[in-house]
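First up is the structure itself, then whatever we jot down about it.
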Amino acid sequence: MATFTLSFSREQIRPGDRLCVAISGGADSVALLLALHGVNTAGRDSLGVGLSAVHVNHHLRGDESDADQRFVEDLCISLDVPLHIHQADIPARVTSTKESIEEAARNVRYEFFNTLLGSGHTDSILTAHTLDDQAETVVMKLLRGAWTEGLSAIHPVVTNAKGKILRPFLNTRRAEIEAFLNSRSQSWREDSTNTDTAFTRNKIRHELLPQMRGFNPSIDQTLANLAELAREEESRWQIELARILPQLLLPGKPVRGGGRAVSTAPGEWSISIELDRLRALDPALRRRVLRAAARQLGARLSFDETSRLLALCGFRVDPTVAGRTNSCLHLPDGLRANRTARELQLHRST
């Protein structure tokens, strides 16, 4: 019988924990529920956890969505696993929020997951993201110009105040999962939209990644490795930024006679950084500091926007930016940057 390893540690899952498997009815989530159920009923080697499941019906595919729900209900009844069901109107949400269908569906799922975590029904939600999903996500992030935090892609563990999201299949290939299910004669549901290349992920899965495998047959693992490296790099940078930012960021603006004026007007925030202190940093840290300063004001900078900010400070040459004293730069999210003789001043109004 085909088998695979569930990737989690005893620090992530302990006896007595309440685990809830997110199950769509697709092969990956069906396999995750079966594997956990099997391990949890393995006598002396049992996990010793409380197991339940959650299914979100997005109502995007009419009767097909309802059939997915019935399939999940029947599977959970056969395994004697309690099931939480959430009904979502994704088309209505898309109309209201202007999110893409993919974004809206994901946001609805995780909002309900957090509801379950916050209500005390479960300690951890487990999702069935695979190594294939990880590779596809890294490619999507690359195409969108992500920084290292984006290239870290799908994290194996996400912890927040309400609980944890765990992804124990993140090192497992989709082919292994389907072999496991076939060996048990276990059916699953196929989402008809998974072949629709109008969706970016599907286009990457069915068109781009197959071409990339022609150059590197192990490209999926290579991309997953890149995500792991990016996670570690980002974690290390966050530690360094937490150490150095309090030494660099100054509130408000300097005032005559000494001290600094901090605006108390509602919806206004400002931070300053001395140019000499920025100049003393290496280029990688300098770029990180500027992005982190903008983030503290609630703004996200792209690569090009950060480069323009560096040009304003005189660290890069950009013909569209005047890198001199009293120059001003308007950036997205209501962020404005001013260069004085001594400082870079960032302001944001909302």
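Read-outs: derived from the displayed coordinates by stated rules, not from any lab. Given the structure is predicted, the values throughout are model-derived calculations rather than measurements. FYI the Cβ positions are ideal-geometry reconstructions off the backbone, even for glycines, and counts take in every protein chain you see.
Exposed loop trypsin sites (Lys or Arg not before Pro) only (DSSP loop, at most 10 other Cβ atoms within 10 Å): please give the longest stretch of the chain free of them, not including the sites. Mind showing how you got there, number by number?
Details: sites that count: R10, K98, R144, R256, R324.
No qualifying site falls inside 145-255, the longest such stretch.
Region 321-340 to region 120-161: how many Å between their Cα centroids? Here the two parts' Cα centres lie 34 Å apart. The slack in the chain from Q186 to V157, taken as 0.36 nm per residue of separation less the alpha-carbon distance, amounts to 7.7 nm. Counting only aspartates and glutamates at least 8 places from K164 when in the same chain, those with an alpha carbon closer than 17 Å to its own are E11, D17, E111, D123. Please work out whether region 84-187 counts as rounded, prolate or oblate from its C-alpha gyration tensor, where a ≥ b ≥ c are the square roots of the eigenvalues and a/c under 1.5 means rounded, while otherwise a/b larger than b/c means prolate and anything else oblate? Note, shape of region 84-187 comes out rounded. For the chain, the mean residue ellipticity at 222 nm estimated from helices alone is -13500 deg cm²/dmol, where every DSSP H run of n ≥ 4 contributes -39500 (n - 2.57) and the total is divided by all residues, rounded to the nearest 500.
Can you compute the equivalent ellipsoid semi-axes for the chain, i.e. the square root of 5 times each eigenvalue of the Cα gyration tensor, sorted largest first and rounded to whole Å?
Numbers: eigenvalues 414, 98, 85 Å².
For the chain, the ellipsoid semi-axes come out as 45, 22, 21 Å.
Based on the Kirkwood approach, the hydrodynamic radius assigned to region 23-167 is 16.7 Å, with every pair of different Cα atoms included.
Label region 279-349 by shape, choosing from rounded, prolate and oblate, from the square roots a ≥ b ≥ c of the eigenvalues of the Cα gyration tensor; if a/c is under 1.5 it is rounded, and otherwise prolate applies when a/b is larger than b/c, oblate when it is not.
Working: a/c = 1.38, a/b = 1.11, b/c = 1.24.
Rounded, since a/c falls under 1.5.
What whole-number distance in Å separates the alpha-carbon centres of region 26-94 and region 199-233? Between the Cα centre of region 26-94 and that of region 199-233, the gap is 28 Å. For the residues A88, A105, A242, a GNM of the chain with alpha-carbon springs under 10 Å puts the largest fluctuation on A242. The residues packed around T195, meaning those with a beta-carbon under 12 Å from its beta-carbon, carry a net charge of -1 if Lys and Arg are +1 and Asp and Glu are -1. Note on the chain: with charges restricted to the Cβ of Lys and Arg (+1) and Asp and Glu (-1), its dipole about the Cα centre is near 1980 debye.
Of the beta bridges DSSP finds with both residues in the chain, what % are antiparallel, to the nearest 5?
Numbers: 24 of 40 bridges.
Restricted to the chain, the bridges split so that about 60 percent are antiparallel.
Here is the tail figure for region 26-100: Cα pairs spaced more than 16 Å apart come to 57 percent of all pairs.
Here the label points at N194 and R106, each 7 Å from Cα along the C-beta direction, are separated by 1.8 nm in the simple model.
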